[in-house]
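The values are calculated or read from the model by the stated rules, or taken from the named source; none is laboratory data. It should be emphasised that the depicted structure is a prediction, and the values quoted were computed from it without experimental measurement. Cβ atoms come from the backbone with ideal geometry, glycine included; neighbour counts cover every protein chain shown. The protein model used for the area step is the full one, side chains on, heavy atoms only, and it has no ligands, DNA or RNA in it. Shrake-Rupley method; radii C 1.70, N 1.55, O 1.52, S 1.80 Å.
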Amino acid sequence: MIRADRLYPFVLAAVPVLYILAENPGVSSAGDHAAVLLATLAATALVYLLARLALRGRDGERLAPLVTLLVMGFLLGYRTLAEQVESLGLGRPHLVLVPIVGLLGVAVLLWFRRRPAALDRAGSFLTLTGALLVAFQLTDIASDHRRAAALLGRSAMLRDLARPIRAPATPPGPRRDIYVIVLDQYANSEVLRERFGHDNRGFEDSLRALGFHIPASVRSNYAQTLLSVPSLLNAAHLTGLTEEVGEHGSDPSVPNRLVTRSRVADFLKARGYRYVFFPSQWWYATRSTPQADVEPQVWEGVRPGRELGRTALRRAVLNELGLPRQAVQTYVWDADHVRRTLRGVTLAPRFGRPVFVVAHLISPHPPYAVDRECRSPPRRSSYPGQVECLNRRLLETVTELIRTSPVPPIIILQGDHGTRSLRFSDWPSAEEVPADAVHERFAAFGAYYLPDGGEAAFGDTVTVVNVLGNVLRHYFAAELPRESDAQYLSLEDTPYDFLPVDADRPAPARAAARASH
């Protein structure tokens, strides 16, 4: 047994993991919390055992916890140290940090080896300090859960959007299969050309040849997936979250619930549709929904390498580690999940027709899992390369859906928002974000297969919030007022501090928009 005053490497190793949890409430499940924390403690125990084997005798009993603390501290703090090295232009982080930290670690060990009483006192202090930090963070996490539950219970937005959408019991036309494929961070052709030098016309022309409608202007209404996806699946604006959560709040509970309790899905299910929901690879809100009739799992079994990138929390912890990039490489699995999901979408009608299919692909969102030839890991990683591979797979998918559908289906290919190469969210406030960064972020890709004249409901200008509302109004005669095409900029740390913008308006004009909001 380890003495209580020598448990400090374990309690301190838990601190950064709990800090990530406390700073990012509502982005992972309790089970994932426990799994990541246990994995961190298991890694700490392994380092301790190796240190204990290497340091025999009485010195080893005292020094093994210190060695463990130094190793785990280096691993868990590596990213921060590496960023400092890179910012100072001192060369490759590994070549600088490993020898410097190694020499400092040896010096610390030698100093404490000659002063065992000082090491015991330091161990007691560190154990107590770590325990207090862990207790504080656990309290903070528990408070976040209580606040989230209270927020869900009192949300007027959830109550409003739970009301049924009125429509004739029998739609004016046939009940067509409906496919919604959300493409995370897929920008429109204008941004692809201007920001990345990529010509997307070949893909768009292929879609048009199949009968797709591609409006001249497609825009997101929000700058984050957190808001764009629920606005799509509920055909509603979410600006009421400012009042419910606060303009400086960031709790994602309400928008996440709107993904798992979509009113569009409720509407279609009430009309005999089977709701087939394909979980995303790691985005928490789209990992599962109890609303779905069927939730296909495109992966079977458990593979350790694959599980490392399975949730946003695991990816956040891995990003903090000082392991070689190849040791935590998830490119192969990212690409495999996209490929399998699209294949699964073509097979969705086996669950019974008509189907309402929703799939959130975290692509072409980075990391870049493929190159233009769909090789994974990519020989040359780039956003345009990932777009080209995704285009090829999307064409195969929609061609198969059109070919095998007895009644022409409705197919929605929708980017949730544009790219962030100009780092729109790094500015101190929304008012200061340059106009070109706003334009880039709101320029979303959209292509729509709309039989029986459905393109008339869309026109040449479309925003994400109205996409499924257009479908319900045209094909089901739904009594659903059209939402405003208004766009709202907010930064990632304050997603509900909305600034009304026109993605094509110069930045100085936004102050007046804020004043009138």
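Below, the figures for the structure above:
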item	result
Failed condition for residue 243, given (1) more than 20 Å from residue 369 (Cα to Cα); (2) in a helix (DSSP H, G or I); (3) open to solvent by less than 40 Å² (accessible area, probe 1.4 Å)	(3)
Which numbered condition residue 136 fails, given (1) crowded, with 17+ Cβ neighbours inside 10 Å; (2) more than 25 Å from residue 390 (Cα to Cα)	(1)
Sole residue being touching a residue at least 40 places away in the same chain (Cβ under 8 Å) and either open to solvent by 30 Å² or more (accessible area, probe 1.4 Å) or under 30 Å from residue 288 (Cβ atoms) (or both), chosen from 30, 54, 22, 43	22
Residue in region 130-142 that is over 17 Å from residue 7 (Cβ atoms) and among the hydroxyl-bearing types (Ser, Thr, Tyr) present	yes
Criterion (modelled with pLDDT of 95 or more, open to solvent by 10 Å² or more (accessible area, probe 1.4 Å), closer than 19 Å to residue 348 by Cα and out of contact with any Gly (no Cβ under 6 Å at 6 or more places or on another chain)) met by exactly one of 265, 292	292
Residue list for region 448-473, restricted to those being in contact with a strand residue (DSSP E or B) (Cβ under 9 Å, 6 or more places away or on another chain), in a helix (DSSP H, G or I) and among the charged types (D, E, K, R)	455
Residue that is nearest to residue 244 (Cα to Cα), among those in region 109-128 that are open to solvent by 50 Å² or more (accessible area, probe 1.4 Å) and out of contact with any helix residue (DSSP H, G or I) (no Cβ under 7 Å at 6 or more places or on another chain)	128
Inter-residue pairs, beta-carbon under 6 Å, first among the acidic types (Asp, Glu) and in region 384-412, second open to solvent by less than 40 Å² (accessible area, probe 1.4 Å), 6+ apart	400/346
Lone qualifier among 106, 180, 98 - being out of contact with any helix residue (DSSP H, G or I) (no Cβ under 6 Å at 6 or more places or on another chain) and under 30 Å from residue 417 (Cβ atoms)	180
Check on residue 167, open to solvent by 20 Å² or more (accessible area, probe 1.4 Å) and out of contact with any Phe, Trp or Tyr (no Cβ under 9 Å at 6 or more places or on another chain)	no
Some residue of region 302-309 being assigned to a helix (DSSP H, G or I) and without any contact (Cβ under 8 Å) to a residue 12 or more places away in the chain	yes
Residue under evaluation residue 254, criteria (1) within 18 Å of residue 494 (Cα to Cα); (2) hydrophobic (A, V, I, L, M, F, W, C); (3) touching a strand residue (DSSP E or B) at 6+ places or on another chain (Cβ under 8 Å); (4) not in a loop (DSSP other than H, G, I, E, B), criterion not met	(3)
Selection within region 181-208 - under 22 Å from the mean Cα position of the chain (by Cα) and either among the basic types (Lys, Arg) or assigned to a helix (DSSP H, G or I) (or both)	191, 192
Tally, over region 76-95, of residues that are of a type in the set (A, V, I, L, M), open to solvent by 40 Å² or more (accessible area, probe 1.4 Å) and touching a residue at least 12 places away in the same chain (Cβ under 8 Å)	1
Flag if residue 124 is under 21 Å from residue 44 (Cα atoms) and either in contact with a Gly (Cβ under 6 Å, 6 or more places away or on another chain) or modelled with pLDDT of 90 or more (or both)	yes
Close pairs (7 angstrom Cβ cut-off, 6 or more residues apart or separate chains): free of Cβ contacts under 8 Å to residues at least 24 places away in the same chain in region 182-199, among the basic types (Lys, Arg) and open to solvent by less than 10 Å² (accessible area, probe 1.4 Å) anywhere	none
Of all residues making up region 439-468, the number that are of a type in the set (Ser, Thr, Tyr) and either on the phi > 0 side of the Ramachandran plot or open to solvent by 10 Å² or more (accessible area, probe 1.4 Å) (or both)	2
Within region 307-359, tally of residues that are β-branched (Val, Ile, Thr), modelled with pLDDT of 95 or more and closer than 22 Å to residue 290 by Cβ	5
Test result for residue 146, under 17 Å from residue 30 (Cα atoms) and not β-branched (Val, Ile, Thr)	yes
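Residue by residue, here is whether (1) in a helix (DSSP H, G or I); (2) out of contact with any Asp or Glu (no Cβ under 7 Å at 6 or more places or on another chain); (3) surrounded by 17 or more Cβ atoms within 10 Å (Cβ to Cβ) holds:
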| position | (1), (2), (3) |
| --- | --- |
| 341 | yes, yes, yes |
| 345 | yes, yes, yes |
| 353 | no, no, yes |
| 358 | no, yes, yes |
| 390 | yes, yes, yes |
| 396 | yes, yes, no |
| 407 | no, yes, no |
| 412 | no, yes, yes |
| 437 | yes, yes, yes |
